[in-house]
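Trainee: The structure that follows is given in the form of structure tokens.
The values are calculated or read from the model by the stated rules, or taken from the named source; none is laboratory data. It should be emphasised that the depicted structure is a prediction, and the values quoted were computed from it without experimental measurement. Ideal geometry is used to build each Cβ from the backbone, glycine not excepted, and the neighbour counts take in all protein chains shown.
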């Protein structure tokens with residue numbers, strides 16, 4: 001039995017207009033992205049907006065809060081304590097970050113080489129310090145550094161030595177750098193090792209056929225292949241350096257003469273907000289530091305991703 005043309009036209013499914021279909025797809029997309037967007041606004045954009053609002057105000061001794069515009073930012077840009085802390089953090093990242101990433105890269109290459117016995121145990125042992133909370137690490141190393149009650153003091157007493165005081169003003173920044181390096185070498189090693197594991201084996205086979213040595217394989221294959229991982233680890237380390245707070249905050253009680261309330265920008269912000277009750281100016285310093293960190297991290301990303 002054959003249907004007439006009019007009957008066939010009657011039973012054919014109706015066509016959906018492209019505009020209606022696009023609207024339906026958009027609603028489905030927002031259904032998936034909506035929960036994340038709501039959380040993103042609540043926990044990221046809203047606090048930034050509130051901090052920016054605080055930075056434009058100033059508490060008066062009498063009369064409440066007044067709008068001061070950019071006055072707080074002008075004060076922050078000319079604040080010597082803020083710039084001293086920023087310069088100290090800049091020196092910290094220029095010295096500590098290359099050392100930490102260099103050690104992590106060497107460890108990752110050693111694990112990936114296949115010539116390291118007990119590779120699984122060594123991988124876990126290197127990563128284990130990252131699982132230690134920063135507060136615990138600061139306390140542990142602070143007591144190790146102690147010249148009267150810690151390991152340094154015990155060695156001086158037992159061996160009759162006179163080791164330098166790691167908590168002195170001249171060495172405290174290096175001591176903090178040692179703590180941070182101990183904590184994050186394993187984390188960066190994991191990033192580099194994961195990147196090395198996805199390098200095509202065919203490249204190693206071609207290098208073996210050409211007679212390339214281990215050093216040539218590292219410089220010509222492995223390092224170029226993990227360039228993106230190196231850039232990411234560098235950016236994370238720069239951001240972490242500008243966020244330096246836990247270690248100096250914990251060790252401040254052990255070295256009060258070496259670590260001041262403005263030792264790092266984050267410590268300075270915390271002191272302003274919770275000790276000095278200067279919430280508006282603390283928000284300003286935090287925003288200025290955040291912008292400075294973003295600019296430096298973005299510059300490093302552009303430089304690291306550049307070809308050639």
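Trainee: Can you name the residue in the stretch 97-115 that is exposed (fewer than 14 other Cβ atoms within 10 Å of the Cβ) and at pLDDT below 85 and, of all such residues, is farthest from residue 235 (Cα to Cα)?
Mentor: 115
Trainee: What pairs come up if the first residue lies in the stretch 84-96 and is on the phi > 0 side of the Ramachandran plot, the second is surrounded by fewer than 16 Cβ atoms within 10 Å (Cβ to Cβ), and their beta carbons are under 9 Å apart, counting only those six or more places apart or on different chains?
Mentor: Cβ pairs passing all conditions: none.
Every residue, every condition in (1) more than 30 Å from residue 224 (Cα to Cα); (2) touching a residue at least 40 places away in the same chain (Cβ under 8 Å), yes or no:
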residue: 252; (1), (2): yes, no
residue: 255; (1), (2): yes, yes
residue: 259; (1), (2): yes, yes
residue: 262; (1), (2): yes, yes
residue: 267; (1), (2): yes, yes
residue: 279; (1), (2): yes, yes
residue: 292; (1), (2): no, yes
residue: 295; (1), (2): no, no
residue: 298; (1), (2): no, no
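Trainee: Of the conditions (1) assigned to a loop (DSSP other than H, G, I, E, B); (2) more than 23 Å from the chain's Cα centre (by Cα), residue 274 clears all except one; give me its number.
Mentor: For residue 274, the failing item is (1).
Trainee: Determine whether residue 207 is touching a helix residue (DSSP H, G or I) at 6+ places or on another chain (Cβ under 6 Å) and farther than 30 Å from residue 75 by Cβ.
Mentor: Yes, satisfied.
Trainee: Ok, one more. Kindly check whether there is at least one residue in the stretch 172-194 that is assigned to a loop (DSSP other than H, G, I, E, B), in contact with a helix residue (DSSP H, G or I) (Cβ under 7 Å, 6 or more places away or on another chain), in the same structural domain as residue 248 (by TED's automatic domain parsing) and more than 19 Å from residue 145 (Cβ to Cβ).
Mentor: Scanning the stretch 172-194, I find no residue that is assigned to a loop (DSSP other than H, G, I, E, B), in contact with a helix residue (DSSP H, G or I) (Cβ under 7 Å, 6 or more places away or on another chain), in the same structural domain as residue 248 (by TED's automatic domain parsing) and more than 19 Å from residue 145 (Cβ to Cβ), so the answer is no.
Trainee: Every residue in the stretch 61-86 that is loosely packed, with under 12 Cβ neighbours inside 10 Å and within 19 Å of residue 270 (Cβ to Cβ), please.
Mentor: 80
Trainee: Something else: If only one of 225, 220 is at pLDDT below 90 and more than 28 Å from the chain's Cα centre (by Cα), which one is it?
Mentor: 220
Let's see how each residue does on (1) under 28 Å from residue 296 (Cβ atoms); (2) in the same structural domain as residue 262 (by TED's automatic domain parsing); (3) assigned to a helix (DSSP H, G or I):
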{"position": "86", "(1), (2), (3)": "yes, yes, yes"}
{"position": "101", "(1), (2), (3)": "yes, yes, yes"}
{"position": "115", "(1), (2), (3)": "no, yes, no"}
{"position": "140", "(1), (2), (3)": "no, yes, yes"}
{"position": "144", "(1), (2), (3)": "no, yes, yes"}
{"position": "168", "(1), (2), (3)": "no, yes, no"}
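Yes/no per residue for (1) over 26 Å from residue 89 (Cα atoms); (2) surrounded by 13 or more Cβ atoms within 10 Å (Cβ to Cβ); (3) out of contact with any strand residue (DSSP E or B) (no Cβ under 8 Å at 6 or more places or on another chain):
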position: 124; (1), (2), (3): yes, no, yes
position: 156; (1), (2), (3): yes, yes, yes
position: 159; (1), (2), (3): yes, no, yes
position: 166; (1), (2), (3): no, yes, yes
position: 181; (1), (2), (3): no, yes, yes
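Trainee: While we're on this one: With respect to residue 45, determine if the residue is at pLDDT 85 or above, surrounded by 11 or more Cβ atoms within 10 Å (Cβ to Cβ) and either in the same structural domain as residue 193 (by TED's automatic domain parsing) or in contact with a strand residue (DSSP E or B) (Cβ under 6 Å, 6 or more places away or on another chain) (or both).
Mentor: So residue 45 does not fit the description; no.
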